[in-house]
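To keep things clear, I will list the structure first and then write my remarks on it.
The values are calculated or read from the model by the stated rules, or taken from the named source; none is laboratory data. Every value quoted in this text rests on a predicted model; they were computed, and no experiment measured them. Quick reminder, even Gly has a Cβ in these numbers, built from the backbone with ideal geometry, and neighbours come from all protein chains shown.
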Ligand SMILES: Cc1cc2nc3c(=O)[nH]c(=O)nc-3n(C[C@H](O)[C@H](O)[C@H](O)COP(=O)(O)OP(=O)(O)OC[C@H]3O[C@@H](n4cnc5c(N)ncnc54)[C@H](O)[C@@H]3O)c2cc1C
C-alpha cells in the first residue's frame, strides 16, 4: 500500500461541479485533491457530450462540454488542485472529528478533514450488446475500451457500433490490424461526417470491410474468440473470423461504490442540508447530480451554487479556530492575491 496523502479536502469526482468546488474552496485557502474513475477531467460534459453546445451557463450564451471543462480547469489553476485520474474511490471512513480516510482501487489512501462527494450519476459503464453468451469473452477477447492500441496489432478485429467511438477506433486501428470489419445495424452513422467519409474511402479501397447488420453469435474457446456471425438486414448470415471484438454501444451510469459508504440514500441519491450541502455525516458533503433535496434540478448551475455554500461550511472544519469573513472577488485584494491578479 502506498504512502498516505494528506489534504484538507478530498473531492470524489472531477466533473464540472467537482472542478468548481476546487475554486470555491481555494478562495477560502482550502486545498483539494480530486479522484475520478475516468482518465479525463470533465465528467458528463467530457464523456457524454464534449461537442454539444450548452446554453444555460450563467453569463456564457454558448459553450460546448469540452469548452466548459477547459474553462473550469483554467479557473482552478491558481489553486493547483491535484488530480488522481483513472482511479475509483472504494471506501470512505470517518476516523474522528474532521478526519476521514479515503481509499481508491489503485491503493491510494487519503487522509482529509472533509470529503466532498461530487460523483454525479456514479461511474460510467459501457452498454453490453445484446449478444447471447458474450460474458465469458469479456476482457479476454471482447473489450469495451482500448487501453493499449499495440494489443491489437496484427489481429483480426471486429468493431461494432455507429457512433464516434466506433468510427474513431476503426480509423485508428485499421492501419495496425491484420483485417478490420466494422458492423453497424444501419448504413447511416451518428459519428462525425469526416470520420464516416474516411471509413467509406477505406472500404472502397479494400482496406477494411463494412457489414450492415447485427452480430448474432460468437464462436471461440476459453474466452478467446475465433469467429462471429453477422446477420444482415436482408436475413443473410455471414461468418467473420475474429481475434478480438470491440463493441461501442455507448455508456450508462451506475452508482457504484457510493452505495457502500454507509450513507442514507434516497432513490440512489444522497440527501443533503440545503444551507450547507452537508450529508448526515458531519464533514461529508454531496454536491451536483449526486445529491437530492426538495426542488433539486440536475443542472450544472445548481452544482455551482452548492459548491459555494459547501465551501463556507467546510471552512469551519479546516480552520475551526478562525472566523470566516465574506468577501467579493471584485473588491477583495486578499482574494485577488490568491487568484494571482493583484
Ligand atoms: C447529453 C447531456 C446534455 C446535458 N446538457 C446540459 C445542459 O445543457 N445544461 C446543464 O446544466 N446540464 C446539462 N446536463 C447535465 C450535466 O451534465 C450534469 O448536471 C453535470 O455533469 C453534473 O456534474 P457533476 O460534476 O455533479 O457530475 P458528473 O458530470 O456526472 O461527474 C461526476 C464524476 O464523478 C466520477 N465518479 C463517480 N463515482 C466515482 C468514484 N466512486 N470514484 C471516483 N470518481 C467517481 C465520474 O467518473 C464522473 O467523472 C446534460 C447531461 C447530458 C447527459
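Report yes if some residue within the stretch 261-269 is under 30 Å from residue 102 (Cβ atoms), within 12 Å of the ligand (Cβ to nearest atom) and in a strand (DSSP E or B); otherwise report no.
Yes - at least one qualifying residue is present in the stretch 261-269.
Just need a number here: residues in the stretch 174-188 that are within 16 Å of residue 211 (Cα to Cα), touching a helix residue (DSSP H, G or I) at 6+ places or on another chain (Cβ under 7 Å) and surrounded by fewer than 20 Cβ atoms within 10 Å (Cβ to Cβ).
Within the stretch 174-188, residues that are within 16 Å of residue 211 (Cα to Cα), touching a helix residue (DSSP H, G or I) at 6+ places or on another chain (Cβ under 7 Å) and surrounded by fewer than 20 Cβ atoms within 10 Å (Cβ to Cβ) number 1.
Output the residues belonging to the stretch 100-128 that are surrounded by fewer than 17 Cβ atoms within 10 Å (Cβ to Cβ), touching a residue at least 60 places away in the same chain (Cβ under 8 Å) and not in a strand (DSSP E or B).
107, 127, 128 - these are the residues of the stretch 100-128 that are surrounded by fewer than 17 Cβ atoms within 10 Å (Cβ to Cβ), touching a residue at least 60 places away in the same chain (Cβ under 8 Å) and not in a strand (DSSP E or B).
Which residues, counting only those in the stretch 277-318, are assigned to a loop (DSSP other than H, G, I, E, B) and in contact with a strand residue (DSSP E or B) (Cβ under 9 Å, 6 or more places away or on another chain)? First the steps, then the outcome.
First, pick out the residues of the stretch 277-318 that are assigned to a loop (DSSP other than H, G, I, E, B): 277, 279-283, 287, 293-299.
Listed by number, the residues that qualify are 277, 279, 280, 281, 282, 283, 287, 293, 296.
Return the pairs, sorted by first residue and then second, in which the second residue is surrounded by fewer than 14 Cβ atoms within 10 Å (Cβ to Cβ), the first residue lies in the stretch 313-327 and is under 20 Å from residue 116 (Cα atoms), the beta carbons are less than 6 Å apart, and the residues are 6+ apart or on different chains.
Hits for this filter: 315/324.
Might you let me know whether the stretch 284-300 holds any residue that is buried (at least 18 other Cβ atoms within 10 Å of the Cβ), at pLDDT 95 or above, more than 11 Å from the ligand (Cβ to nearest atom) and closer than 25 Å to residue 95 by Cβ?
yes
Determine, yes or no, whether residue 273 is farther than 30 Å from residue 183 by Cβ and more than 12 Å from the ligand (Cβ to nearest atom).
Details: farther than 30 Å from residue 183 by Cβ: yes; more than 12 Å from the ligand (Cβ to nearest atom): yes.
Answer is yes for this residue.
Restricting the search to the stretch 225-250, which residues are assigned to a loop (DSSP other than H, G, I, E, B), touching a strand residue (DSSP E or B) at 6+ places or on another chain (Cβ under 6 Å) and over 29 Å from residue 47 (Cβ atoms)?
Going residue by residue through the stretch 225-250, those that are assigned to a loop (DSSP other than H, G, I, E, B) are 233-236, 242-243, 248-250.
Next cut, touching a strand residue (DSSP E or B) at 6+ places or on another chain (Cβ under 6 Å) only: 233, 242-243.
Passing the criteria: only 233.
Counting residues that are more than 7 Å from the ligand (Cβ to nearest atom), at pLDDT 95 or above and farther than 24 Å from residue 279 by Cα, which helices (runs of 4 or more DSSP H) fully inside the stretch 14-99 reach at least 2?
Details: elements: 16-27, 43-47, 65-76.
So the answer is 65-76.
Listed here are the residues, each with its yes/no results for (1) in contact (Cβ under 8 Å) with a residue 12 or more places away in the chain; (2) closer than 28 Å to residue 51 by Cα.
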residue	(1), (2)
137	yes, no
141	yes, no
170	yes, yes
179	yes, no
224	yes, no
235	no, no
244	yes, no
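Could you run through the stretch 172-222 and say how many residues are assigned to a loop (DSSP other than H, G, I, E, B) and under 19 Å from residue 235 (Cβ atoms)?
Taking the stretch 172-222 and keeping what is assigned to a loop (DSSP other than H, G, I, E, B), we get 174-178, 185-192, 205-208, 222.
Filter again for under 19 Å from residue 235 (Cβ atoms), leaving 185-187.
Here the count works out to 3.
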